[in-house]
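S.K.: Pasting a structure below so you can have a look.
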Amino acid sequence: MRFHRYYEVDIVNGPGTRCTLFVAGCEHQCRGCYNQSTWRLDSGAPFTLEMEERLIADLQDTRIPRQGLSLSGGDPLHPHNVPYIRQLVKRVRTECPGKDIWLWTGYKRAELSCPQREVLNYIDVLIDGRFVEEEKDATLLWRGSRNQVIWDLRKERG
Ligand code: SF4
């Protein structure tokens, strides 16, 4: 997996103070995409084990407490990215207790494959759906267009 940007302290992409990772690779080609440079799977830089360790350490850092991790892109659920993202979110679940994980994808939840759905077992909030320019609404929180849905998976688990 490759990535474009990593913010070790971020207050824009999700609630509270967070670590945010923008991965490479997206096949949705939404018109008006704000992040076209991330579409290619071979763009950006390799997400190495060293980067993974750094991200885990940042989430565990008590000097600047993070509420959680935000995964965006590109698309973290691009089939190529899924095995790496699954490994990452499993680690965060185990090694960073109390941190929430938010994930943005262009796929609709109902259309996810089995491997993509497995990732949902380890995250807290899913924001799904392509960006649709005609439904763009700058007043929306955490999503760009009205068709996108914020799924609070914690509530579903009870
Ligand atoms: S899903 Fe996101 S990154 Fe992918 S094309 Fe659409 S807006 Fe761009």
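Each reported figure results from applying straightforward, stated rules to the coordinates on display, with no laboratory input. Since we're looking at a predicted model, the values are computed, not measured. Note that each Cβ is placed from the backbone with ideal geometry, even for glycine, and that neighbours are counted across all protein chains shown.
S.K.: Quick one: net charge around residue 156, please, counting Lys, Arg +1 and Asp, Glu -1 for every other residue with C-beta under 12 Å from its C-beta. Don't jump to the answer; show the numbers that get you there.
M.R.: On the way: positive: 109, 154, 155, 157; negative: 124, 152.
Counting the neighbours of residue 156, the net charge comes to +2.
S.K.: Hey, rough spin-label estimate for residue 27 and residue 136, points 7 angstrom out along Cα→Cβ, what's it come to in nanometres?
M.R.: 2.6 nm
S.K.: Report the Cα-based extents of the range 1-108 along its three principal axes, largest first, to the nearest Å.
M.R.: Cα spread of the range 1-108 along its principal axes, largest to smallest: 39, 26, 24 Å.
S.K.: Still on this structure, please answer the following. For the Cα atoms of the chain, what angle does the longest principal axis make with the long axis of helix 49-60, in degrees from 0 to 90, nearest 10?
M.R.: 80 degrees
S.K.: Now for a different question. For a test of the definition: using alpha carbon positions, the gyration tensor, and the 1.5 limit on a/c, classify the range 23-72 as rounded, prolate or oblate.
M.R.: Values: a/c = 4.11, a/b = 1.90, b/c = 2.16.
It comes out oblate by the Cα gyration axes.
S.K.: Net charge near residue 111, counting Lys/Arg +1 and Asp/Glu -1 over other residues with Cβ under 12 Å of its Cβ?
M.R.: Numbers: positive: 108, 109, 117, 130; negative: 128.
Net local charge, residue 111 excluded: +3.
S.K.: Residue 113 to residue 91: FRET efficiency via 1/(1 + (r/R0)^6), r the Cβ-Cβ distance, R0 30 Å, to the nearest 0.05? Please report the intermediate quantities before stating the final value.
M.R.: Details: r = 22 Å, r/R0 = 0.73.
With a Förster radius of 30 Å, E is 0.85.
S.K.: Can you give the charge dipole size of the range 1-130 about its Cα centre, rounded to the nearest 20 debye, using +1 on the beta carbon of Lys and Arg and -1 on the beta carbon of Asp and Glu? Each step should come with its number before you reach the end.
M.R.: Working: 17 positive and 16 negative charges, 47 e Å.
So the dipole magnitude of the range 1-130 works out to roughly 220 debye.
S.K.: Also, I was wondering about something else. Considering only C-alpha atoms, what is the centroid distance from the range 109-158 to the range 18-62, in Å?
M.R.: Taking the Cα centre of each part, the range 109-158 and the range 18-62 sit 17 Å apart.
S.K.: Okay, next question. Give the aspartates and glutamates reachable from residue 155 as a straight Cα distance under 14 Å; neighbours fewer than 8 places away on the same chain don't count.
M.R.: Here the aspartates and glutamates satisfying the reach criterion relative to residue 155 are 100, 124.
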